[in-house]
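The values are calculated or read from the model by the stated rules, or taken from the named source; none is laboratory data. Keep in mind the model is a prediction, meaning the values are calculated, not measured. A quick note on method: Cβ atoms are made from the backbone with ideal geometry, for glycine too, and the neighbour counts reach across all protein chains shown.
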Amino acid sequence: MKQPAAQAVHLADYAPPPWLVDEVHLVFRLSPQATRVLSRIRFRPNPATEDRTFRLDGDGPRLVRCAVDGAEAAPEVREAGLTLTPPDRPFLFEAEVEIDPEANTALSGLYMSNGMFCTQCEAQGFRRITFYPDRPDVMAPFTVRIESDLPVLLSNGNPGAAGKGFAEWHDPHPKPAYLFALVAGDLVPQRDTFVTSDGRAVDLAVWTRPGPDEGRCAFAIKSLKTAMRWDEAAYDLAYDLDVFNIVAVDDFNMGAMENKGLNVFNSSVVLASPATATDDQFAVIEAVVAHEYFHNWTGNRVTCRDWFQLCLKEGLTVFRDQQFSEDVRSAAVERIRQALAMRGQFREDAGPLAHPVRPESYVAVDNFYTATVYEKGAELVRMLKSIVGDEGYRDALRLYFARHDGQAVTIEDWLQVFRDATGTVPEHFGRWYSQAGTPRVTAEEEWEPKESGGGTYTLRLAQETPPTPGQPCKAPMPIPVRTGLLGADGSELVEERVLLLEEAAGEWTFDLPERPVPSLLRGFSAPVILRREADDAERAFLLANDPDPFARWEAGRRLATRLLCRMAGGARADDALPQALRALATDDAPDPAFRALCLALPSEDDVAQALHDDGAAPDPDAVHAAREALRLAVSKAMEDVLPGLRGAMRVTAPYRPDAEQSGRRALWGAALGYEALLDAAPAQAAYCEATNLTEEIAALSALLAAGHGAAEAEDFRERWSDERLVLDRWFSLQVRFAAPEKAAGTAEALARRPEFDLRNPNRFRAVFGALAGNHAGFHNASGAGYDTMADWLLKLDALNPQAAARMSTTFETWRRFDPDRQARAGAALDRILAAKDLSPDLREMAGRIRDA
């Protein structure tokens with residue numbers, strides 16, 4: 001069927017819903033190919049508007065019958081929904097529809113996954129289930145009856161009556177349809193109980209398929225209880241239902257979904273054991289479980305008025321899960337990881353997909369789920385907290401929940417809360433939500449010595465945001481710059497301050513005993529790019545002495561990036577960085593996890609972006625060769641200390657995925673990776689002796705990165721062939737460490753294997769996400785990477801447009817390369833756009849990228 005032409009939706013066109021919903025009753029008679037959904041919905045006119053148009057969204061349900069106040073109705077049904085002429089008063093709408101979950105490969109609405117019925121309704125999946133005003137600002141309590149012979153029948157809210165072949169659920173809290181959930185299948189629970197701060201017992205359960213997965217839920221349950229207790233302590237927010245269920249699903253487009261009382265999780269971010277998950281996966285599970293639980297208040301109890309306000313629920317909840325991770329793990333390490341994620345968002349800001357945190361329009365709403373909305377949205381909340389202070393932030397959040405509980409709200413409502421609670425938020429802070437692009441903050445300084453000793457230090461900051469698509473000119477935004485000033489011995493000359501740059505430029509002066517070395521943007525206090533002239537000696541000084549962990553890591557990162565840029569241009573590696581890393585690696589004072597992060601060189605993509613920012617067209621082959629040469633130089637500089645470092649960091653105690661053990665294993669793995677470049681034997685031994693998947697993957701990665709490990713990789717595949725999530729790691733490693741000229745061919749060959757499943761987003765990302773991550777391979781001069789990606793995106797689009805559109809962002813940097821590569825990438829994009837029956841999702845994304 002030819003796809004209908006997609007029309008843009010604009011924020012400026014928002015209008016209140018003509019009809020509100022008082023209650024929803026749904027009956028599901030489940031059948032894989034012919035599920036019947038019976039709905040009884042009580043509507044009433046919305047007093048906020050005189051519009052009485054009655055239109056319900058629908059995408060695919062076959063209408064069997066329809067009634068208004070018990071009388072049969074004959075609505076007009078089109079591709080986008082249903083319309084009829086309603087009475088001018090409250091009324092009861094009833095409908096019966098039929099849908100085909102088994103044929104639903106888009107994984108949106110009600111679909112099948114390994115014999116399990118499952119839903120995903122955010123953003124607009126509910127309209128694939130039945131006819132309804134599928135928009136976030138229509139909220140109602142739901143009562144659901146599920147009829148099926150399957151043993152487990154779950155939905156939102158609290159359980160009601162149940163018996164042979166049926167189960168009923170009631171969610172008393174009004175919610176939009178995107179938070180509806182249903183799961184039915186042969187499932188087993190791992191149960192626990194949590195007692196809230198007000199003394200209520202909540203039944204907790206993580207549901208999985210019978211078999212090995214049953215024993216991999218303990219960490220998710222523990223993480224959930226930790227998050228529930230943390231939210232009570234940090235935000236005074238307690239859970240509000242009698243049960244909290246999580247279900248692990250293999251086929252799922254997202255990481256997880258916060259449906260009220262029934263969270264649906266991609267199995268990759270809920271199932272874990274030491275044998276089948278790495279330290280990093282445990283940390284992700286902990287954060288994702290917390291994130292979805294925190295949505296209970298920031299997203300569910302207070303939701304967004306429309307999808308343009310998505311950053312309101314996601315940005316705030318990401319910030320809350322970041323705070324949680326900083327508290328339960330290493331705050332310094334977590335902040336650096338958050339900054340690394342934001343660097344990925346900087347590329348989005350600098351490319352054809354740049355958009356404001358709150359965009360002005362969209363074609364496919366599923367393309368809205370971006371790093372800008374999530375990660376940058378969280379940074380805006382962090383900046384607000386920095387500006388108003390800890391107490392002001394607490395006051396603002398208390399007012400937010402008191403004022404807006406049970407409502408669908410906007411960014412304007414959010415900012416007004418801060419102004420009313422604190423009175424200190426700059427009036428133009430809202431520009432952060434409406435302007436795209438990453439501000440560039442330029443720092444200049446002046447030192448005027450005094451005859452009596454010391455002198456006056458002047459720091460001048462200026463900001464400018466480059467043009468982005470549709471926004472050629474940008475106004476200044478308030479930027480908090482955490483600042484320290486260091487003496488020659490590394491001591492703080494003044495107390496750290498937050499300098500608020502509110503206009504295009506600002507100036508600050510300090511009377512100091514000596515000329516300082518400035519430490520700027522500490523803690524990554526704003527999502528900006530800082531530009532300041534500094535030589536390698538100063539960066540090395542900050543790497544060795546800065547008391548702020550982020551600023552210290554950033555100094556080393558910039559030192560390495562500039563060196564790699566020079567090496568990509570033909571220069572040889574100097575000894576300054578390798579020796580600085582050697583000194584840091586052997587310094588027992590910093591956290592091992594922090595030292596491991598510092599030892600990780602910038603990625604090839606980071607270096608290519610830095611070259612592009614300097615006005616050069618990066619050569620992926622030269623960048624790859626430079627990074628490999630620098631890795632070897634660092635290995636040689638640390639050759640005599642690597643065995644001792646690895647031995648000192650070896651964990652022999654029973655496995656725990658906590659911050660202490662994870663940090664030691666991270667540094668152990670970093671040392672092993674450098675050592676493998678000089679001698680494969682230690683990594684081969686480590687692979688054989690590994691007692692957990694973290695050690696096994698680290699050893700195998702070290703071997704593959706050093707050009708060895710073929711036998712170990714085959715052994716890994718054979719031993720883990722029945723473990724789908726572990727096998728995803730094998731698929732990914734094969735492509736990630738393939739030689740650049742072989743990367744596309746390797747991905748193609750893996751996608752032809754019987755274990756590859758195009759319908760499973762995890763497996764697709766394992767192969768083609770890794771191809772995109774193999775920088776020199778994806779951007780190989782032959783164009784094979786572009787062609788292979790285009791081929792498989794088109795295949796995926798026919799089944800799952802949402803997943804295909806998201807993966808298409810691998811092309812977003814194509815304009816920064818040489819004309820030959822641009823021509824090949826452009827041709828691949830043209831082929832995607834010329835495809836027959838291309839989805840609106842992929843057409844929008846590929847078109848924006850191509851038109852840059």
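In the set Ser31, Ser39, which member is in contact with an Asp or Glu (Cβ under 8 Å, 6 or more places away or on another chain) and of a type outside the set (Asp, Glu)?
Answer to the selection: Ser39.
Could you pull out the residue among Ala48, Ala106, Ala95, Ala67 that is touching a residue at least 24 places away in the same chain (Cβ under 8 Å) and within 33 Å of the chain's Cα centre (by Cα)? Break it down into steps so the answer makes sense when it comes.
On the way: Ala48 fails: within 33 Å of the chain's Cα centre (by Cα); Ala95 fails: within 33 Å of the chain's Cα centre (by Cα); Ala67 fails: within 33 Å of the chain's Cα centre (by Cα).
Answer to the check: Ala106.
Report yes if Leu237 is at pLDDT 95 or above, over 26 Å from Thr105 (Cβ atoms) and not in a helix (DSSP H, G or I), otherwise no.
Yes; evaluated as a whole, the condition is true for this residue.
Looking at (1) outside any strand (DSSP E or B); (2) basic (Lys, Arg); (3) in contact with a helix residue (DSSP H, G or I) (Cβ under 8 Å, 6 or more places away or on another chain), which is the one condition that is false for Arg515?
All conditions pass for Arg515, except number (3).
Output yes when any residue across segment 473-489 is in a strand (DSSP E or B) and either within 30 Å of Ala573 (Cα to Cα) or among the small types (Gly, Ala, Ser) (or both), and no when none is.
Yes, the conditions are met somewhere in segment 473-489.
Conditions: (1) modelled with pLDDT of 95 or more; (2) under 33 Å from the mean Cα position of the chain (by Cα); (3) part of a loop (DSSP other than H, G, I, E, B); (4) not β-branched (Val, Ile, Thr). Lys2 meets all but one. Number of the miss?
Answer for Lys2: the failing condition is (1).
Just checking, does segment 523-530 include any residue being in contact (Cβ under 8 Å) with a residue 24 or more places away in the chain, assigned to a helix (DSSP H, G or I), more than 32 Å from the chain's Cα centre (by Cα) and not assigned by the TED database to the domain that holds Gln338?
Scanning segment 523-530, I find no residue that is in contact (Cβ under 8 Å) with a residue 24 or more places away in the chain, assigned to a helix (DSSP H, G or I), more than 32 Å from the chain's Cα centre (by Cα) and not assigned by the TED database to the domain that holds Gln338, so the answer is no.
When you check Leu512 against the structure, is it touching a Ser or Thr at 6+ places or on another chain (Cβ under 9 Å) and touching a residue at least 24 places away in the same chain (Cβ under 8 Å), yes or no?
The answer is yes for Leu512.
Given Leu678, Leu645, Leu630, which one is outside the structural domain of Arg216 (by the TED database), outside any helix (DSSP H, G or I) and farther than 30 Å from Arg216 by Cα?
Selected residue: Leu678, the only one of Leu678, Leu645, Leu630 that is outside the structural domain of Arg216 (by the TED database), outside any helix (DSSP H, G or I) and farther than 30 Å from Arg216 by Cα.
Condition first: of a type in the set (Val, Ile, Thr), surrounded by 20 or more Cβ atoms within 10 Å (Cβ to Cβ) and within 13 Å of Phe510 (Cα to Cα). Now tell me which residues in segment 447-499 satisfy that.
Result: Thr483, single match.
Looking at (1) out of contact with any helix residue (DSSP H, G or I) (no Cβ under 6 Å at 6 or more places or on another chain); (2) not in a loop (DSSP other than H, G, I, E, B), which one does Leu559 not meet, given that it meets all the others?
The failed condition is (1).
I'd like the full set of residues that are at pLDDT 95 or above and within 13 Å of the chain's Cα centre (by Cα), limited to segment 349-378.
Answer for segment 349-378, where residues must be at pLDDT 95 or above and within 13 Å of the chain's Cα centre (by Cα): Tyr369, Thr370, Ala371, Thr372, Val373, Tyr374, Glu375, Lys376, Gly377, Ala378.
If you take the residues in segment 146-168 that are over 12 Å from Val24 (Cβ atoms), assigned to a strand (DSSP E or B) and not aliphatic (A, V, I, L, M), which one is farthest from the chain's Cα centre (by Cα)?
Looking at residues that are over 12 Å from Val24 (Cβ atoms), assigned to a strand (DSSP E or B) and not aliphatic (A, V, I, L, M), I get Gly163.
How many residues, within segment 729-759, are acidic (Asp, Glu) and assigned to a loop (DSSP other than H, G, I, E, B)?
Adding up the residues that qualify gives 2.
Considering segment 205-228 alone, what residues qualify as being without any contact (Cβ under 8 Å) to a residue 24 or more places away in the chain and of a type in the set (D, E, K, R)? Spell out the reasoning first.
Just the residues of segment 205-228 that are without any contact (Cβ under 8 Å) to a residue 24 or more places away in the chain, to begin with: 211, 222.
Correct list: Lys222 only.
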